[in-house]
Amino acid sequence: MPETEELVINTGPLLALIAGIGDLSLLELLYKRVLVSFEVCQEIEAGGTSGFGVSEFRKSSFIEKRSNPLTITPFLGNALDLGEASVIQLALDEKIHTKAGSDPDNLLFLQIILPEMWGKKALGCTFGG
């Protein structure tokens, strides 16, 4: 079991779970709370009713799907694509951090230094707290 109870998740991992096991039920077993930003919902729904993963995503009623866009900080908005930025912003807004994020110095590292060191794809998959 993960050490976290909450998860904010991006498009890629959601679609990978659907591709791998056919649905998102594993998330419900592992986490008490699973959040998806409005921006990530839009990315998934962009495929329309016949798009890959749309049906499975819609059936996952345990997921908290945000219905309003987030106000994303300029740094995140400039450093990452919209979906990745929204995952991190939602985690910050909800005070959901990785285990490393529980230390303010580590959170600073996760928010600012890591993306600059490894590029925009270094973050944005999942945040749990």
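Each value in this text was obtained by applying a stated rule to the coordinates, not by laboratory testing. Only a predicted model underlies this, so the values are computations on that prediction, with no experimental measurement involved. Note: ideal-geometry Cβ built from the backbone for every residue, glycine included; neighbour counts use all protein chains shown.
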> Could you give the length gained on full extension between residue 75 and residue 49, defined as 0.36 nm per residue of separation minus the Cα-Cα distance, in nm?
Replying inline: 6.0 nm
> Tell me, what HN-Hα J-couplings in whole Hz come from the Karplus equation 6.51 cos²θ - 1.76 cosθ + 1.60 at θ = phi - 60° for each residue of region 50-65, using x for Gly and Pro?
Replying inline: 9, x, 4, x, 5, 4, 5, 5, 5, 6, 7, 5, 6, 7, 7, 9
> With a sphere of radius 9 Å drawn around the Cβ of residue 6, what net charge do the other residues whose Cβ falls strictly inside it have (Lys, Arg +1; Asp, Glu -1)?
Replying inline: 0
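For region 1-64, which GluC sites (Glu not before Pro) are in a loop by DSSP, counting at most 12 other Cβ atoms within 10 Å?
Those that pass, being in a loop and sparsely packed, are 3.
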> All other residues with a Cβ under 14 Å from the Cβ of residue 29 taken together, and with Lys, Arg as +1 and Asp, Glu as -1, what is their net charge?
Replying inline: -1
> When 65, 32 are ordered from fewest to most other Cβ atoms inside 10 Å of their Cβ, what list results?
Replying inline: 32, 65
